[in-house]
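The values are calculated or read from the model by the stated rules, or taken from the named source; none is laboratory data. The structure presented is a predicted model; accordingly, all values stated were derived computationally and were not measured. Cβ placement follows ideal geometry from the backbone for every residue including glycine, while neighbour counts extend to all protein chains displayed. Ligands, DNA and RNA are stripped out before the accessible areas are found, and what is left, the full protein with its side chains, is counted by its heavy atoms. Shrake-Rupley method; radii C 1.70, N 1.55, O 1.52, S 1.80 Å.
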Amino acid sequence: MPDKTTTNFDWPSELPALLRRLLLPTLAATIGGVVTGPAVRTWYPTLKKPSFNPPNQVFGPVWTLLYLLMGIADYIVGRTATSPAALNQARTLYHGQLALNTGWSLLFFGRRSPLAGLLEIVCLWLAIVLTIRSFAQISRPAALLLVPYLLWVTFATLLNGAIWQLNR
């Protein structure tokens, strides 16, 4: 049986729904950016960082792509879900991980607390795993779109932990 993600897709009529699904990750990115921007210019450069810390210019493009993939995955899940209960569970987890994602920026950069950020990012990582599992029950392509996000947050967790260790 063909997957609805690859059949009967009419771009002109589907584009508004896709754009609506991109709004929430865009909001999360905007809130994170507002908090992160000033700290990246003032506080973050004063921290000791591990040798594997990427240049600051890497973070913006990576997060832009990850937020885009999140929105597309959410759109696919909404388009392919056959059970309202499964969709509700998947979206609840998705919204929760987005809130945790935003919370990390507020704690790490806003409160300037690598320890609080580390505790938060561990919760975020778990929430992403649960979201991927829930999305996979509805659409494998949607779940796979979140794998780069999980990989990046895994790296970010290691980075956050190293920054905390070096600066305590």
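Might you let me know whether the range 73-91 holds any residue that is open to solvent by less than 30 Å² (accessible area, probe 1.4 Å) and within 14 Å of the chain's Cα centre (by Cα)?
The answer is yes, given that some residue of the range 73-91 is open to solvent by less than 30 Å² (accessible area, probe 1.4 Å) and within 14 Å of the chain's Cα centre (by Cα).
Sort out which residues of the range 32-66 are touching a residue at least 40 places away in the same chain (Cβ under 8 Å) and open to solvent by 70 Å² or more (accessible area, probe 1.4 Å), and write them in order of number.
Lys48, Phe52, Leu65
Can you pull out every residue in the range 92-114 that is open to solvent by less than 50 Å² (accessible area, probe 1.4 Å) and without any contact (Cβ under 8 Å) to a residue 12 or more places away in the chain?
Ser113
Pairs needed: first member in the range 154-168, farther than 12 Å from Gly117 by Cβ; second member anywhere, open to solvent by 70 Å² or more (accessible area, probe 1.4 Å); C-beta distance under 6 Å; at least 6 residues apart or different chains.
Matching pairs, first to second residue: Leu166/Lys48.
Starting from residues that are in contact with a helix residue (DSSP H, G or I) (Cβ under 8 Å, 6 or more places away or on another chain) and either of a type in the set (D, E, K, R) or surrounded by fewer than 20 Cβ atoms within 10 Å (Cβ to Cβ) (or both), keep the ones in the range 128-147 and report whichever is nearest to Ser83 (Cα to Cα).
Of everything passing the filter in the range 128-147, Gln137 is nearest to Ser83 (Cα to Cα).
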